[in-house]
Amino acid sequence: MVIESGKAPGYLDMLGASVELRDGSFVFTQLLATGMPYTLDLPEGMVAIGWSFCIDLDPTQDLRGYPLGIAPMPCELAVQTRWDGSALVGMVFDRRPLADKNEVKTIILAPAIDGLAISETVPSGLLAEAATFGWSAYIDELGELGTDVLHATDMAPDGGASRPMTWPAN
């Protein structure tokens, strides 16, 4: 389910997204129309809101598996901030081991909130071999980790209609 622009609560409405290399780390930021809510009113079956980035290091593969169930994703790395109404948790899922039928590596991050911006800082070593990569940002209402249950509410760039952005920008 995609909510039309202007119809979603402001914390589900992404005004912009960016990726910056700062002090040896990548900073992934989403700018929201309003701040995070103190309480959540989620649809049935949903357990959290996720502000996420898909990092596509190899456009020739779509890995299947965690943090989704079996749905394929082009992301070798998924950076996510999860809010379940009581805890705000940042994570990066290194999905590259799935290509060899190994388990995903999960690294816990410390989300930063600055006004309407939500950011995650990821050590650049996770992307060290990539001179460039594709990325997109999205906001979802999420089911439990490891399931294919989610409702996409907003995507960047262009609501997901265009190709991913490239880092570094051309």
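Nothing in this text is a laboratory measurement; each read-out follows from the coordinates by a stated rule. In this text the structure is predicted, and so the values were computed from the model without any measurement. Quick reminder, even Gly has a Cβ in these numbers, built from the backbone with ideal geometry, and neighbours come from all protein chains shown.
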Mind putting a number on the dipole of the range 34-87 about its Cα centre? Charges go on the C-beta only, +1 for Lys and Arg and -1 for Asp and Glu, and I need it in Debye to the nearest 20. 100 debye
From zero outward in steps of 10 Å, how is the percent of C-alpha pairs of the range 57-170 spread across the bins? 12, 44, 38, 6, 0
Residue-ordered couplings for the range 24-35, obtained by feeding phi - 60° into the Karplus form 6.51 cos²θ - 1.76 cosθ + 1.60 and rounding to whole Hz (Gly and Pro as x), are x, 10, 8, 10, 9, 10, 10, 9, 9, 5, 9, x
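Averaged across orientations, what area in nm² does the convex hull of the alpha carbons in the range 2-137 project?
Details: hull surface 35.7 nm².
Averaged projected area of the range 2-137's Cα convex hull equals 8.9 nm².
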³J(HN,Hα) across the range 37-52 via Karplus (A = 6.51, B = -1.76, C = 1.60, θ = phi - 60°), whole Hz, x for Gly/Pro? x, 7, 10, 10, 10, 8, x, 4, x, 9, 10, 6, 9, x, 9, 9
For the chain, set up a Gaussian network in which alpha carbons nearer than 10 Å are linked by springs, and say which option among Y38, Y11, Y138 fluctuates the most. Y38
